[in-house]
Amino acid sequence: MTPPREVYILDTRAFVVGALPPEVRELYITDGVLEEASRVARTMNRAVAHMEEGRVRSVAVDEEALRLVRKRATEIGELGKLSEADLEIAAAAVAFSKSGRKATVLTDDYALQNLLSSMNVSYRPVTHKGIARQVVYLHRCSACGKLYGRPLKKCPDCGSKVVRVRSTTRRVTRTQDP
């Protein structure tokens, strides 16, 4: 029997609200999600129970996929808004996709949805509507106006605060499940 081709990767929020789709047979989390879940006993207990039942499996992060995800997150200005677990989740989805599996990420995190959308990776919100627009952010000095491709606290030129600003947006072509 061939294994199912579609997999779901869960972020920590999926554990917090217990949003495990009953129709899905292959559910995965990363070590980063397990670490985030361990900060809340109730969430950790649920995660462990799902893993012991075989309902949820842990997946190792592919370093090449993680490198690609970090690069893309930097390009769109989201790196400073994403946790290490978020990056691992995106990397797992990219790795599954490269292996010929359809990967869908369950997340309410708008920064993660923005990253996934920019990489044409499927996602499904857990309790919220989800993003309507894909955004690329830049980081601009609030005084001298110099633009930076990565988040900084202070401008290296003048010492003023660097703020995140929208550069471009485009309507999201839904790659998420209905």
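Structure above, values below:
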{"read-out": "Residue list for the stretch 129-145, restricted to those being more than 28 Å from the chain's Cα centre (by Cα) and without any contact (Cβ under 8 Å) to a residue 12 or more places away in the chain", "value": "Gly145"}
{"read-out": "Residue satisfying all of: in the stretch 49-76; surrounded by 17 or more Cβ atoms within 10 Å (Cβ to Cβ) and farther than 30 Å from Thr168 by Cβ; modelled with the highest pLDDT among these", "value": "Val59"}
{"read-out": "Whichever residue in the stretch 107-138 is in contact with a Gly (Cβ under 7 Å, 6 or more places away or on another chain) and at pLDDT below 95 and, among such residues, is farthest from Arg164 (Cα to Cα)", "value": "Val136"}
{"read-out": "Residue that is surrounded by the most Cβ atoms within 10 Å (Cβ to Cβ), among those in the stretch 21-37 that are at pLDDT below 80 and out of contact with any strand residue (DSSP E or B) (no Cβ under 6 Å at 6 or more places or on another chain)", "value": "Pro21"}
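The values are calculated or read from the model by the stated rules, or taken from the named source; none is laboratory data. On a predicted model such as this, the values are computed, not experimentally measured, just so you know. Virtual Cβ from ideal backbone geometry, glycine too; neighbours counted across all protein chains shown.
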